[in-house]
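Accompanying notes for the structure given below.
Nothing in this text is a laboratory measurement; each read-out follows from the coordinates by a stated rule. Please read all numbers here as calculations on a predicted model, not as lab measurements. Virtual Cβ from ideal backbone geometry, glycine too; neighbours counted across all protein chains shown.
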Amino acid sequence: VRVLFFGQLKEIVGSAEQEAELSEGARVEDLFERYGRRFPELAQFRNSIAASVNQEYAEWRALLGPGDEVAFLPPVSGG
Amino acid sequence: MGATEHTQMALAEDLFQLVREPIDTRAILERLKAPEDGALVVFDGFVRDNFKGHHTVYLEYEAYEAMACAKMREIGGHMRANFAIDRLAIVHRLGRLEIGETSILIAVSSAHRAAAFDACRYAIDALKRGVPIWKKEYFEDGAVWAEGEKPTQQAISRPDSSTLR
């Protein structure tokens, strides 16, 4: 899957876009946990961010499939 | 002209944009003033020179552009479905903005003022809580990401009953 980070999350991870290989049955939350282990600072954002899959808001329990575009969206401040 | 035909024409004229140049407010408003309407409501959000007592030097906006555009269109769809409006524009600027520059322009025309006011209010509230756009504030001594709200789909599809009626 393709993984996108924005705002503060992008700064923590150090890049806006990553590619990740997932095993079958992996969910959005599994993907986030994996990055949380690599970047401990990321984990504290778990409750204040949203996730999207293919540009639609998604549940943390949503299943991921090949080619999905997942994004982690910190609190928004447009306008 | 049939009602359906009219709706399709109006939809074709709707403007949803993320831009990196200054927003040409005057041109957008002229485009939205249809002769058959009597009201045009405009929300012009611009860069404030302070944040929690700190003097802001400039701002930077970034967006998840593909999703932000899609969500702006979705807001437009809800505006049409819920308010008797005619033309509409939602334009958000990205990149570096100086104090006083417009970051968001929402303009809505309608035959009568109430629908345009209500639709405009819904649109800015939904955008602030449902569209993936982020703002970073630059001060003389550092920078912070603005405190925002956890984005949700509900902000767009089920806004407060006070604004959607």
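For chain A, the ratio of Cα radius of gyration to the globular rule of thumb 2.2 N^0.38 Å stands at 1.00. Based on C-alpha pairs under 8 angstrom that are at least 6 apart in sequence, chain A has a relative contact order of 41 percent. The convex hull drawn around the Cα atoms of the stretch B:17-156, when projected onto a plane and averaged over every direction, covers 8.4 nm². Between B:ILE75, B:ILE28, B:ILE106, the residue with the greatest mean-square fluctuation in the GNM of chain B (Cα pairs under 10 Å linked by springs) is B:ILE28. Semi-axes of the equivalent ellipsoid of the protein assembly as shown are 34, 23, 14 Å, computed as sqrt(5λ) over the eigenvalues of the C-alpha gyration tensor in descending order.
For chain B, a crude dipole built from +1 on the beta carbon of Lys and Arg and -1 on the beta carbon of Asp and Glu, taken about the Cα centre, is about 420 debye to the nearest 20.
Over the stretch B:42-95, all Cα pairs binned in 10 Å intervals from 0 give whole-percent P(r) values of 18, 38, 29, 14, 1, listed from short to long.
Across the stretch B:1-138, the relative contact order, built from alpha-carbon pairs under 8 Å that are at least six residues apart, equals 37 percent. Taking the C-alpha atoms only, the angle from helix B:113-130 to the longest principal axis of chain B is near 40 degrees. Taking the Cα centre of the protein assembly as shown as origin and assigning +1 to Lys and Arg Cβ atoms and -1 to Asp and Glu Cβ atoms, the resulting dipole is close to 480 debye. Working from Cα positions, state the angle (0 to 90°, nearest 10) between the long axis of helix A:28-38 and the longest principal axis of chain A. Here the helix axis deviates by roughly 60 degrees. The GluC sites (Glu not before Pro) of the stretch B:35-143 that meet both conditions, a loop assignment by DSSP and at most 16 other Cβ atoms within 10 Å of the site Cβ, are B:GLU36, B:GLU101, B:GLU140. Using C-alpha pairs below 8 Å separated by at least 6 residues, the relative contact order for the stretch B:80-165 is 26 percent.
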